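These notes concern the structure reproduced below.
The values are calculated or read from the model by the stated rules, or taken from the named source; none is laboratory data. On a predicted model such as this, the values are computed, not experimentally measured, just so you know. No Cβ is skipped: glycine too gets one built from the backbone with ideal geometry, and neighbour counts run over all protein chains shown. Calculation scope for accessible area: heavy atoms of the full protein, side chains included, ligands and nucleic acids excluded. Shrake-Rupley method; radii C 1.70, N 1.55, O 1.52, S 1.80 Å.
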Amino acid sequence: MAETPVVVLEKVNKWFDDLHVLCDIDLSVDSGEVVVVVGPSGSGKSTLCRCINRLEPIDSGTILVDGAPLPAEGKELARLRAKVGMVFQSFNLFAHKTVLQNVTLGPVKALGQPRAVARERAMELLDRVGIAEKADRYPAELSGGQQQRAAIARALAMGPKVMLFDEPTSALDPEMIKEVLDVMVELAEEGTTMIVVSHEMGFARSAAQRVVFMDGGRIVEVAPPERFFSEPESERARDFLSKILAH
Amino acid sequence: MVASFRVGPIAPLRAAATTYVELVRNCPLAVLFVFFFFGLPKVMGVYPAYTTAVIVLALYTGTYVTETIRSGINSVAGGQAEAARSLGLTFPQLLAYVVLPQALRTVVAPLGNLFIALTKNSSIAFTISVGELTGTAQRVGNATNNYHAAFLAAAIGYLLLTIPSGLLFGAIERRVAVKR
């Protein structure tokens with residue numbers, strides 16, 4: 001019998017007023033799978049990512065995380081969000097807390113871990129993303145790449161079932177993009193379940209098991225990266241790839 | 001706390017907080033003093049004038065503090081709250097550990113203003129014959145017929161209270177400044 005998929009979306013629809021941002025989205029992500037979502041701006045890929053931990057509510061359809069439907073706002077939802085790690089484009093580290101405090105806040109307050117345990121685990125994670133020496137610094141004292149790596153450590157500290165990345169490198173310059181992608185590739189190789197919204201085609205090619213191409217709020221094509229990049233089935237994907245790979 | 005209700009997800013609390021703020025801050029302080037001093041005994045028994053003055057000043061200043069803190073909450077970037085929610089923090093936790101600590105830092109200066117205004121607003125308690133500074137100056141002026149000296153002394157009295165308050169809030173502001 002197959003394992004329960006970690007994330008399942010069924011016939012998900014969402015409107016922003018008149019704008020139909022997600023149309024009948026069906027997607028299922030298995031444990032250990034890395035799915036990269038690509039597509040032009042406004043195609044709904046970030047919204048898709050934000051709906052999975054209900055930062056955005058959906059208008060119809062179902063989303064299952066770890067086999068259970070997303071509950072309404074409240075304690076239940078908070079518990080579920082603890083299982084879903086989220087990394088934002090703009091890092092969103094807590095500005096008034098040190099890097100270490102950023103990483104331990106969730107485990108201590110949401111999971112009820114003893115402070116010493118959370119601290120030790122946090123230091124391990126910071127070491128793993130290569131910024132252990134910055135543990136007592138404030139976010140504003142770090143480079144963008146370091147901040148994003150701290151944000152990844154913060155999300156990992158919750159021991160999530162799935163990690164969501166919402167354009168994690170779009171606010172970074174090329175050198176910093178590399179240091180963040182290196183961490184992400186490592187996570188992918190270790191079997192972390194990941195849903196990554198990104199314009200980094202290199203990452204999609206090397207780390208993804210599947211590439212999801214979205215346009216106009218719909219999933220247009222789902223394919224393994226080698227097939228998606230060499231012979232995309234849809235006209236729209238061919239057009240998109242020719243534009244972004246032209247340079 | 002009232003500010004938290006104003007931004008919170010619970011509609012009745014939000015409505016109650018808004019009603020309180022809009023009713024109390026839109027009435028002149030002198031009217032509130034007289035209203036509470038003569039009106040309250042009818043429903044709740046007689047309070048001494050001094051107690052009434054303290055209650056009214058607290059209610060009145062509370063509305064301004066509420067709105068100041070609310071604007072501080074709104075000034076905290078939305079991403080901070082989103083990050084807290086995605087870590088699985090509940091709304092009260094999100095306020096207590098992430099949003100309020102940052103919001104309070106940005107509103108130290110306006111809170112200092114309010115504290116000074118509160119000190120000076122106590123002068124209006126003299127409408128209900130509380131023996132505060134302005135009223136005392138009035139009485140001393142009456143008795144000695146030297147209003148200039150009496151009110152000069154009162155002015156110095158206020159300055160002795162308010163200038164150190166201003167300095168204190170300036171010091172707090174420097175102390176808690178967030179690195180950005």
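Quick one: in region B:51-157, what % of C-alpha pairs are over 21 Å apart? Value for region B:51-157 (Cα pairs over 21 Å): 55 percent.
Where does each of A:Phe94, B:Phe35 land when they are ordered by accessible area, with a 1.4 Å probe and the largest first? Kindly include the intermediate steps, with their values, before the conclusion.
Values: A:Phe94 0, B:Phe35 140 Å².
From most accessible down to least: B:Phe35, A:Phe94.
The share of C-alpha pairs in chain B whose separation exceeds 27 Å stands at 43 percent.
Between region B:48-118 and region A:190-224, the alpha-carbon centres lie 43 Å apart.
In this structure the amide hydrogen of A:Asp215, modeled in the peptide plane, comes within under 5 Å of the amide hydrogens of A:Val220, none closer than 5 places in sequence on its chain. Both numbers refer to the Cα atoms of region A:10-58; Rg and Dmax are 11.2, 37 Å. For the protein assembly as shown, the 222 nm mean residue ellipticity estimated from helices alone, with every DSSP H stretch of n ≥ 4 adding -39500 (n - 2.57) and the total spread over all residues, rounds to -17000 deg cm²/dmol.
Taking 8 Å as the Cα distance limit and 6 or more residues as the minimum spacing, I'd like the relative contact order of region A:130-229 as a percentage. So the answer I get is 21 percent. The simple Förster model, with R0 at 22 Å and r as the Cβ-Cβ distance, assigns B:Leu23 and B:Ala58 a FRET efficiency of 0.90. For chain B, a Gaussian network of Cα nodes joined below 10 Å ranks B:Ala109, B:Ala17, B:Ala83 by mean-square fluctuation, and the top entry is B:Ala83.
Computed over the alpha carbons of region A:94-159, Rg followed by Dmax gives 10.5, 31 Å.
Could you tell me how many cubic angstrom of Cα convex hull volume the protein assembly as shown has per residue?
197
GNM on chain A, alpha-carbon springs under 10 angstrom: the most fluctuating residue among A:Val185, A:Val162, A:Val211 is A:Val185.
When the accessible area of region A:94-159 is split by element with a 1.4 Å probe, what percent falls to carbon and sulfur?
Values: 1110 of 2600 Å².
In region A:94-159, the share of accessible area belonging to carbon and sulfur is 43 percent.
Size descriptors for chain A: radius of gyration and Dmax over Cα atoms are 17.9, 55 Å. Can you give me the relative contact order of chain A as a percent, contacts being Cα pairs under 8 Å and 6 or more apart? Relative contact order of chain A: 26 percent. In region B:69-90, comparing the full protein assembly with the chain on its own, the residues that lose 10 Å² or more of accessible surface at a 1.4 Å probe are B:Gly79, B:Gln80, B:Glu82, B:Ala83, B:Arg85, B:Ser86, B:Leu87, B:Gly88, B:Leu89, B:Thr90.
Per residue, region A:12-66 exposes 36 Å² of solvent-accessible protein surface, assessed with a 1.4 angstrom probe and all protein chains in place. P(r) for region A:50-160, from all Cα pairs and a bin width of 10 Å, is 15, 43, 29, 12, 1 %, short bins first. Could you name every residue in region A:24-57 that has 20 Å² or more less accessible surface in the full protein assembly than in its own chain alone (probe 1.4 Å, ligands and nucleic acids excluded)? So the qualifying set is A:Arg50, A:Leu55.
For A:Val196, the residues whose modelled amide H falls within less than 5 Å of its own, excluding neighbours fewer than 5 places apart on the same chain, are A:Val35, A:Val36, A:Val37, A:Phe165. For region A:136-170 versus region A:55-83, the inter-centroid distance based on Cα atoms is 22 Å.
Taking a probe of 1.4 Å and counting only protein heavy atoms, give the total accessible area buried between chains A and B in Å², rounded to the nearest 100.
Numbers: alone 11740 and 10910 Å², together 20650 Å².
So the total buried area for this chain pair works out to about 2000 Å².
Using only alpha carbon positions, build the gyration tensor of region A:108-247, then give the equivalent ellipsoid semi-axes as the square roots of 5 times its eigenvalues, largest first, whole angstrom. Provide the component values of the computation, followed by the final result.
Numbers: eigenvalues 218, 56, 29 Å².
The answer is 33, 17, 12 Å, longest axis first.
Couplings 3J(HN,Hα) of region B:10-27, computed from phi: 9, 4, x, 5, 4, 5, 4, 5, 5, 4, 4, 4, 5, 5, 6, 6, 8, 9 Hz, in residue order, whole Hz [Karplus 6.51 cos²θ - 1.76 cosθ + 1.60, θ = phi - 60°; x for Gly and Pro].
Looking only at other chains, what is the average number of their beta-carbon atoms within 10 angstrom of each beta-carbon in B:98-105?
On the way: counts 7, 1, 0, 4, 4, 0, 1, 2.
What the average comes to for B:98-105 is 2.
Which entries in A:Lys83/A:Lys109; A:Lys97/A:Lys161; A:Lys134/A:Lys178 show an alpha-carbon gap greater than 22 Å? Pairs exceeding the cut-off: A:Lys97/A:Lys161.
Per-residue shielding of A:78-84, expressed as the average number of other chain Cβ atoms within 10 Å of the residue Cβ, stands at 4.
Among B:Thr134, B:Ile55, A:Ala153, which residue has its Cα furthest toward the positive end of the charge dipole of the protein assembly as shown, with +1 on Lys/Arg Cβ and -1 on Asp/Glu Cβ? Checking the options against the dipole of the protein assembly as shown, the answer is B:Thr134. DSSP beta bridges confined to the protein assembly as shown are antiparallel in about 55 percent of cases. Amide H contacts of A:Lys97: none lie under 5 Å away among residues 5 or more positions distant or on a separate chain (H built 1.01 Å from N in the peptide plane; Pro and chain starts excluded). Computed from phi, the 3J(HN,Hα) profile of region B:78-88 under the Karplus parametrisation 6.51, -1.76, 1.60 (θ = phi - 60°) reads x, x, 5, 5, 4, 5, 5, 5, 6, 7, x Hz, with x in place of Gly and Pro. Across region A:129-144, computed HN-Hα scalar couplings (Karplus, 6.51 cos²θ - 1.76 cosθ + 1.60, θ = phi - 60°) run 8, x, 10, 4, 6, 9, 3, 9, 8, 8, x, 5, 8, 9, 6, x Hz from first to last residue, x flagging Gly and Pro. Other protein chain C-beta atoms within 10 Å of residue C-beta, averaged over A:93-102: 4. Its relative contact order, with pairs defined as Cα atoms under 8 Å and 6+ residues apart, puts chain B at 21 percent. For chain A, the Cβ-based charge dipole about the Cα centre amounts to some 860 debye (Lys, Arg positive; Asp, Glu negative; other atoms uncharged). Mean-square fluctuations from a GNM of chain A, with a 10 angstrom spring cutoff on Cα atoms, peak among A:Gly67, A:Gly217, A:Gly39 at A:Gly67.
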